[in-house]
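Bear in mind these aren't lab numbers, they're just calculated from the coordinates by the rules spelled out. Everything quoted here is computed from the prediction, not taken from an experiment. Reconstructed Cβ throughout: ideal geometry from the backbone, glycine too, with neighbour counts over all protein chains shown.
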Amino acid sequence: MNVGILTGGGDCPGLNAVIRAIVYKGIKHYDDNILGIYKGWKGLLDGGKIVPITVEEVTNILNLGGTILKTSRTNPFKHKDGLKIIQKNIKKYKLDAVIAIGGEDTLGVAAKLHKAKVKVIGIPKTIDNDVDGTDQTFGFDTAVNIATEAIDRIRSTAESHNRVFIVEVMGRHAGWLAVEAGIAGGADMILVPEYPIDLDEVVTSIVKRHARGEEFSIIVVAEGAALKKGSKEKTYFTVEAEADEFGHVRLGGIAYTLSKIIHEKTGYDCRNVILGHIQRGGTPTAYDRVLSTRYGIHAIDSVHKNKFGSLVALKGTKIVTTPLVQAMKRIKTIDSEYYKIAEVFFG
Ligand code: F6P
């Protein structure tokens, strides 16, 4: 079979491990031709660079960050005749199937293509871990480890200077990264998109710590978190008001605003740090290398079982397939039980 692979949306560690697994199993076990579709859905829209990938080309990429296939945030359904052009290029390159590796945007396009009878399989990728239908996306474990190490480092300087540090992590719609890294880093408060920020609660919590001699605090906040409605401060933080083709504006800056507000309300010495794309870079953890490899193998196996329209997913410790269209109906937000564990350590 001729199987196309593409990587779309934000990159993350583990993408190359997925590509390597698909190529190894596809070529060595199924005698497939594996074609790399460069730059995500843009590659299939422009028919730009769609070329065979060999085993030799992927032998040494398991531990490399990023994606050898490049990526984009192109949404074909925002382009005139986008679906028709994609179907034409699939025919032109004689692709029997496409494996789309991405988050909710990339996989949302795949779900629509499946409805239009395009033979597609999805693999859940994102450091946000907010793809529904799977217990964990690859890229998430690595980002948690990067953010945790950063929080540990911030803790030593916060303690030395008796400062309140607000650490902003990624996480557009869900606070998985904030909660996991916050718990692992021993955060004194964790603020997430799922629960609007109550500034009085935040200030009370910090003052309580100071009153008992803990004169420094670490607050971890997800970039997508927002102040409670009615707060006089701006309730949504964006860096770039211009939205991408999936309607997302660039986020960032809530940590800066929170550090200003907390200083004004308490007089405490405050600093903020935005971890940003550091959480998306570099080599994947061992856990993510294994999870990515498992996802890739299961995806190419699913192609050969004609399980098109599926998302490969982690359920417990098993890799399964689940309907892609169903998985795209909602974003996976954190459950309250999970947040309650973090709250034990607030204040
Ligand atoms: O979707 C993953 C993600 O890392 C989000 O957490 C973040 O808001 C966004 O991508 C950043 O996108 P870009 O790399 O296009 O700025």
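Sparsely packed loop sites in segment 17-115 (the trypsin sites (Lys or Arg not before Pro) outside DSSP H, G, I, E and B with at most 11 other Cβ atoms within 10 Å) comprise Lys80, Lys94.
With the charge dipole of the chain set up from +1 on Lys and Arg Cβ and -1 on Asp and Glu Cβ about the Cα centre, the Cα lying farthest toward the positive end among the listed residues Ser205, Pro52, Gly103 is that of Pro52.
The HN-Hα couplings worked out from phi for segment 268-281 by the Karplus form 6.51 cos²θ - 1.76 cosθ + 1.60 (θ = phi - 60°) are 5, 6, 10, 9, 9, 9, 9, 6, x, 6, 4, 5, 10, x Hz, whole numbers, x standing for Gly and Pro. Using the Cβ-Cβ distance between Asp152 and Glu240 with R0 = 25 Å, the FRET efficiency computed as 1/(1 + (r/R0)^6) comes to roughly 0.25. Computed about the Cα centre, the dipole magnitude for segment 206-309 is approximately 400 debye when only Lys and Arg (+1) and Asp and Glu (-1) carry charge, each at its Cβ.
With the simple model of a label 7 Å out from the Cα in the direction of the Cβ, Ile68 to Asp269 spans 5.0 nm.
May I ask what percent, to the nearest 5, of DSSP beta bridges between residues of the chain are antiparallel?
Beta bridges within the chain, antiparallel portion: roughly 25 percent.
Of the chymotrypsin sites (Phe, Trp or Tyr not before Pro) found in segment 245-347, those in coil by DSSP whose Cβ has at most 15 other Cβ atoms within 10 Å are Phe345. Placing +1 on the Cβ of every Lys and Arg and -1 on the Cβ of every Asp and Glu, with no other charges, gives the chain a dipole of roughly 1520 debye about its Cα centre. Listed by chain and number, the aspartates and glutamates placed with their C-alpha closer than 13 angstrom to that of Lys28 are Glu56, Asp301; residues fewer than eight positions away on the same chain are left out. Counting only DSSP beta bridges whose two residues both lie in segment 140-281, roughly 10 percent are antiparallel.
Under the classification rounded if a/c is under 1.5, otherwise prolate if a/b is larger than b/c and oblate if not, where does segment 140-281 fall, given a ≥ b ≥ c as square roots of the Cα gyration tensor eigenvalues?
Oblate, because a/c is 1.5 or more while a/b does not exceed b/c.
In terms of Cα to Cα distance under 23 Å, which lysines are near enough to Lys88, apart from those fewer than 8 places away along the same chain? Within the straight-line limit of under 23 Å, Lys88 reaches these lysines: Lys39, Lys42, Lys49, Lys70, Lys78, Lys80, Lys112, Lys115, Lys117, Lys119, Lys307.
Of the trypsin sites (Lys or Arg not before Pro) in segment 182-265, the ones in a loop by DSSP (not H, G, I, E or B) with at most 12 other beta carbons within 10 Å are Arg212, Lys229, Lys232, Lys234.
Listed from fewest to most Cβ neighbours within 10 Å, the set Ser302, Ser156, Ser72 follows the order Ser156, Ser72, Ser302.
Taking the Cα centre of segment 140-281 as origin and assigning +1 to Lys and Arg Cβ atoms and -1 to Asp and Glu Cβ atoms, the resulting dipole is close to 380 debye. Out of every Cα-Cα pair that the chain contains, those further apart than 33 angstrom amount to 31 percent. Considering only Leu191, Val303, Tyr93, the residue lying farthest towards the positive end of the dipole of the chain is Tyr93, judged by Cα position with unit charges set on Cβ.
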